[in-house]
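Quick notes on the structure that follows.
The values are calculated or read from the model by the stated rules, or taken from the named source; none is laboratory data. Quick caveat, the model's predicted, so the values are computed rather than measured. All Cβ positions, glycine included, derive from the backbone under ideal geometry; neighbour counts span all protein chains shown. Accessible surface is based on the protein model in full, side chains and every heavy atom, while ligands, DNA and RNA are left aside. Shrake-Rupley method; radii C 1.70, N 1.55, O 1.52, S 1.80 Å.
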Amino acid sequence: MKERKVLTRRVGKYEPLDLKAYKDMGGLGGLRRALDIGPDSVIEEIKLSGLTGRGGAGYPTGLKWGSAAREKKTPKYFICNADEGELGTFKDKVLLDGDPWAVLEGILIAAYAIGAEQAYIYIKGEYEDTFNLWGKLAVEAKKAGLLGKGILGPVGLQVARGKGPYIAGEEFALISSLEMRRAMSRLKPPYPSQQGLFGKPTVVNNVETIANVPVILAEGAEEYLKLGVKDEPGTRLFSLSGDVKQSGVYELEMGSGTLRELIDEFGKGTISGRPIKAVQPGGGTSALLAADSLDCSLTTEGIRKVGSSIGTAGVIVYEQGKSGVDIVKGLMEFYGVESCGRCVPCRIGVVRMKEIVERFSDGKGTPEDLEQLRQIGKACVVASTCGMGQAFPLPVLSALELFGEDFETVISKVPA
Amino acid sequence: MKEFKRQAYQKLVEQSGGVSVESLFVLLGRVQDTFGCVPREVVRDLAARTGFSEALIYGALTCYKDFDVRPER
């Protein structure tokens, strides 16, 4: 298995603010072609390429753009979601720091295609250096005529910095946040492409998704389709972390190997050399996989077949010796304080589940607790409004299924 | 705590291209990063200039853990 560098091919090869170097390395080719063929053909090209969102939900990008472009209301907005808050995911930072002009080129193409005059990039609060870099980048871009009253007509870029909440990575919560309201999700429809920022048509795309756009336009959708497998073209940036010797971000062609190969070849195995206990293939909210189901292909479909999801492609590895209770406790400590409070199942469920898991961790669980954990988890999955509530119980539920004996052990040791 | 200076605040407003609903979040972020908190004067001023109520802005600010409405002591 080998890395296939498409999005990361320029990362670290030039000074981040040096537009000329970026141009010399083939940059802005996508934007030039976009201006040649016009907005409608750009959207067609993206649809043809089969590009799907890389932020977790995997919605087809071309459809999102198409429905925003069809809306009559103006102004329209484009938002680049760089608030990567998902546990075990750090791929966007590589692109934002290493090849920022490519991300900006993608933003400009997207804004041009949907007819937006104002674009935003919402950068995670913790990425202070990235935020500072992008502030300077926006100034450079304005000087070069890419932003402001430039070659595309007027396009503005606001560089916003997130102020802490995990939920702001969800598209509606992000939009609320930019409207200077509390970061809260809401029911869909209407989708952001119909009623988004300030009630206007808005497209929200993840950084990695946007970084694919210049590649597709510069080389053409036909070329792009040669990457990856039939139904899932392109590459994915896998953030590998947890108990592996060598964590990092690796760009792989879709379906070019298995999860086990990724962990063994790029991660160089587990830290202590003990066998793997469990893996989360798609960030902190994806279901745990046991060691025997790691031979799945690295595609959305391949991972779904073994019972989890590719999500943000943040692969978190846990080695033997950790109890299922500890794994779940670490996750619930994080999610337990992050519900936005909009819908009841998530607001109450996440806290109750956290409490029960903590009881187990303190060695005080009961069989009733176990049953309640299952019930609350299932209720959250079916009844929550947004992706967070629907997903955070998944690792807990899968842990109960795969490592139920860890929980049973705690119960059996409780003094009667 | 970094002292609140009206001039410095005015400069931030200019950098953000004036006060508008569209850039309010970005501007308040800059105020927080510069002063270490969002002073009450700023909330009052921005409320008057955007037409939002002071309560709305204050309520949103206190919801985010990286915004402070009082200087750190």
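Taking the alpha-carbon centroid of each part, what is the distance from the stretch A:144-199 to the stretch A:24-60 in angstrom? When both Cα centres are located, 20 Å separates them. Of A:Met184, A:Met25, the order by accessible heavy-atom surface (1.4 Å probe, DNA, RNA and ligands excluded), from most exposed downward, is A:Met25, A:Met184.
Assign unit charges at the C-beta atoms only (+1 for Lys and Arg, -1 for Asp and Glu), then state the dipole size of the stretch A:242-297 relative to its Cα centre in Debye, rounded to the nearest 20. Don't skip to the answer; put the middle values down first.
Numbers: 5 positive and 8 negative charges, 61 e Å.
Its charge dipole is roughly 300 debye.
In a GNM of chain A with a 10 Å cut-off on Cα contacts, which of A:Ile271, A:Ile109, A:Ile46 has the highest mean-square fluctuation? For chain A, modelled as a Gaussian network with Cα springs under 10 Å, the answer is A:Ile271.
Inter-chain neighbour count for B:23-30: the average number of beta-carbon atoms from partner chains within 10 Å of each residue's beta-carbon is 6.
Where does the protein assembly as shown land on Rg(C-alpha)/(2.2 N^0.38 Å)? It would help to have the intermediate numbers written out before the result.
On the way: Rg = 23.1 Å, N = 489, 2.2 N^0.38 = 23.1 Å.
Taking the Cα Rg and dividing by 2.2 N^0.38 Å, one obtains 1.00.
Just to be sure I understand: of the beta bridges DSSP finds with both ends in the stretch A:19-224, what percent are antiparallel, rounded to 5? Restricted to the stretch A:19-224, the bridges split so that about 20 percent are antiparallel.
Compared with the dominant Cα axis of chain A, that is its longest principal axis, helix A:324-335 is turned about 40°. Here the Karplus curve 6.51 cos²θ - 1.76 cosθ + 1.60, taken at θ = phi - 60°, turns the phi angles of the stretch A:258-275 into couplings of 10, 4, 5, 4, 4, 5, 6, 7, 8, x, 6, x, 7, 4, 8, x, 5, x Hz, with x standing for Gly and Pro. Taking the Cα centre of the stretch A:303-416 as origin and assigning +1 to Lys and Arg Cβ atoms and -1 to Asp and Glu Cβ atoms, the resulting dipole is close to 440 debye. Between the stretch A:79-111 and the stretch A:363-388, what's the alpha-carbon centroid distance in Å? Taking the Cα centre of the stretch A:363-388 as reference, the centre of the stretch A:79-111 is 34 Å away.
With no solvent and one point on each alpha carbon, what is the Debye value of log10 I(q)/I(0) for the stretch A:19-224 at q = 0.10, 0.17, 0.18 Å⁻¹? These q points yield log10 I(q)/I(0) values of -0.37, -1.17, -1.34. At the residue level, A:Arg304 shows approximately 130 square angstrom of accessible surface with a 1.4 angstrom probe and all protein chains present. Computed with a 1.4 Å probe over protein heavy atoms only, the accessible area of A:Tyr250 comes to about 20 Å².
Remark on A:Gly283: its backbone amide H falls under 5 Å from those of A:Thr312, A:Ala313, A:Gly314, A:Val315, A:Ile316, a criterion applied only to residues 5 or more positions apart or on other chains, H modelled at 1.01 Å from N.
Angle of helix A:404-413 to the longest C-alpha principal axis of chain A, folded into 0 to 90 degrees and rounded to 10: 40°.
Dipole magnitude of the stretch A:19-224 about its Cα centre, charges +1 at Lys/Arg Cβ and -1 at Asp/Glu Cβ only, in debye to the nearest 20? Before the final figure, lay out the partial values.
Numbers: 25 positive and 25 negative charges, 173 e Å.
Rounded to the nearest 20 debye, it is 820 debye.
Rounded to the nearest 10 degrees, the angle from helix A:61-70 to the longest Cα principal axis of chain A is 50 degrees. Placing A:Ser49, B:Ser20 in order of accessible area, with the largest value first and a 1.4 Å probe, yields B:Ser20, A:Ser49. Per-residue surface analysis assigns A:Lys329 an accessible area of about 60 Å², computed on protein heavy atoms at 1.4 Å probe radius.
Largest to smallest in accessible area, the residues A:Val344, B:Val42 fall in the order A:Val344, B:Val42 (1.4 Å probe, all protein chains included).
DSSP beta bridges in the protein assembly as shown, what fraction antiparallel, as a percent rounded to 5?
Working: 19 of 42 bridges.
Around 45 percent antiparallel, to the nearest 5.
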